[in-house]
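Quick notes on the structure that follows.
The values are calculated or read from the model by the stated rules, or taken from the named source; none is laboratory data. What you see is a predicted model; the values in this text were computed from it and never measured. Every residue, glycine among them, receives a Cβ derived from its backbone with ideal geometry; neighbour counts consider all protein chains shown. With ligands, DNA and RNA removed, areas are computed over all heavy atoms of the protein, side chains included. Shrake-Rupley method; radii C 1.70, N 1.55, O 1.52, S 1.80 Å.
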Amino acid sequence: MTIKKILSQLIEKRRTWGYGAAIAVTPYLLIKIAWTFGLFMPTQQMGDISWRTANAITMVLAAVGILLAFAFSMPWGERLPAWLVAFPVWVGTGLLIPMLLLAPVLGPAAMIRDQKTGVANIWVYEQIFVITSLVGAGICLPLALAGYAKTRWPEAFVGPIATNLLPGNSQKLYISLARLVAAGCILLGFIKVFWAAGGTIGIDPAMLDNRDLWWHLLSLSTGVWAFAGSWGLLVLTTRRGSKSFFPPMATAWIASGMLFSYNLFNRLSATRPDTQPAPEYPLAHVLTTELGSVLGVMMIMVILMVLHDRRRAIRSAA
């Protein structure tokens, strides 16, 4: 059995994956509810208003994730407005899928680091629940989404990448935009990979010790996804480099969500009083952070234009 057939069979079981995602996120939601209301907090710092606000926001995100999991699993979910589903899914997949790849390393590293700082023992158990929820959601939610999207928007999944576009398409516009975005992604990718490998250009010499495992892996992840996004976007728009439409589509979608959502997450984390200062010079940090956000938004705009033209062409042919 080929990998394509195995993936197809997995996607078809969207109800199972949707229920699995809802179950996986529930412990995370319960922990965030407890922390928001000041219960079972491992440190006094987490009683600070900035910590409570951050936990309240992630609590809402977890609740939205559970609702989306049920929407992907049930017929009523296909009647929801497209924008109501697309935006949280874009942000969610951009957060979860890259984190799923990093969780086996970042999870234990986080627990070891926290134990060294002397936090309460209950924090270790809470961290295990959080990591389990994130990994479970990272596996189940994208598969449930894939089954849902394949039913509702089949043009994003099936068929060759080459289609006969109708007159009045936006191909010239989005090819130009894609080249601009790809150049920005390649620049960002080189910077992030250079920093992840230990490069010090743009790093404050006084902050060199702040470059811990988290920082190196997240920098590397951002760089790799920036490169992957540039490939996916160029293949989507030029329709060269892949016979199937789905691989570059999925790659560009995840990369765009990652570049946008991780910078949003970093801004949220920076509001906590115990957050370490970024090791980059302030200007370098702001430029790379904002560049990632802008590139993510521009990338999803190009993807939507490609999908619009493709949908018109497929419906006309049908």
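For GLU280, which sequence-distant residues (separation of 5 or more, or a different chain) have an amide H within less than 5 Å of its own amide H, given hydrogens modelled in the peptide plane?
ASP204
For ILE23, ILE128, ILE66, give the ranking by accessible area with the largest first, probe 1.4 Å.
Ranking ILE23, ILE128, ILE66 by accessible area, largest first, yields ILE23, ILE128, ILE66.
Per residue, how much space in cubic angstrom lies within the convex hull of the C-alpha atoms of the range 37-97?
Taking only Cα atoms, the range 37-97 has a hull volume of 118 Å³ per residue.
By how many nm would the segment from ILE23 to ALA206 grow when fully extended, if each residue of separation counts as 0.36 nm and the alpha-carbon distance is taken off?
Once the chain is fully extended between ILE23 and ALA206, it gains 61.4 nm.
Express the relative contact order of the range 172-318 as a whole percentage, based on alpha carbon pairs under 8 Å and six or more residues apart in sequence.
Relative contact order of the range 172-318: 32 percent.
Would you mind giving the average projected area, over all directions, of the Cα convex hull of the range 160-318 in nm² with one decimal?
Here the figure is 10.1 nm², rounded to one decimal.
Which helices of the chain meet both criteria: a Cα extent of 20 Å or more along the helical axis and a mean Kyte-Doolittle score no lower than -0.5, with helices taken as whole DSSP H segments?
14-36, 49-73, 82-116, 122-152, 171-196, 213-238, 246-269, 282-317
So for the pair ALA56, MET301, with labels modelled 7 Å out along Cα→Cβ, what separation do we get in nm?
It works out to 3.3 nm between the two label points.
What is the percent carbon and sulfur in the accessible area of the chain, measuring with a 1.4 Å probe over the protein chains and ignoring ligands?
Values: 11590 of 16340 Å².
Carbon and sulfur together cover 71 percent of it.
How much accessible area per residue does the chain have, in Å², with a 1.4 Å probe?
That works out to 51 Å² for each residue.
Under the rule of at least 5 residues apart or a separate chain, name every residue whose amide H is placed under 5 Å from the amide H of SER244.
Counting only residues 5 or more places away or on other chains, the set is ILE161.
Show THR53, THR222 ordered by accessible area, largest first, where the area counts protein heavy atoms only and the probe is 1.4 Å.
THR53, THR222
Of all the C-alpha pairs in the chain, what % are more than 32 Å from each other?
Taking all Cα-Cα pairs of the chain, the fraction more than 32 Å apart is 32 percent.
How much length is gained if the chain between ARG267 and SER244 is pulled fully straight, taking 0.36 nm per residue apart and subtracting their Cα-Cα distance, in nm to one decimal? Display every interim value, and only then the final one.
On the way: separation 23, 0.36 × 23 = 8.28 nm, distance 3.65 nm.
Result: 4.6 nm gained on full extension.
If you average the alpha carbon positions of the range 219-269 and of the range 26-46, how far apart do those two centres end up, in angstrom?
Result: 33 Å between the Cα centres.
Label-point separation (nm) for VAL294 and GLN44, each offset 7 Å from Cα along Cα-to-Cβ?
That separation, rounded to one decimal, is 4.4 nm.
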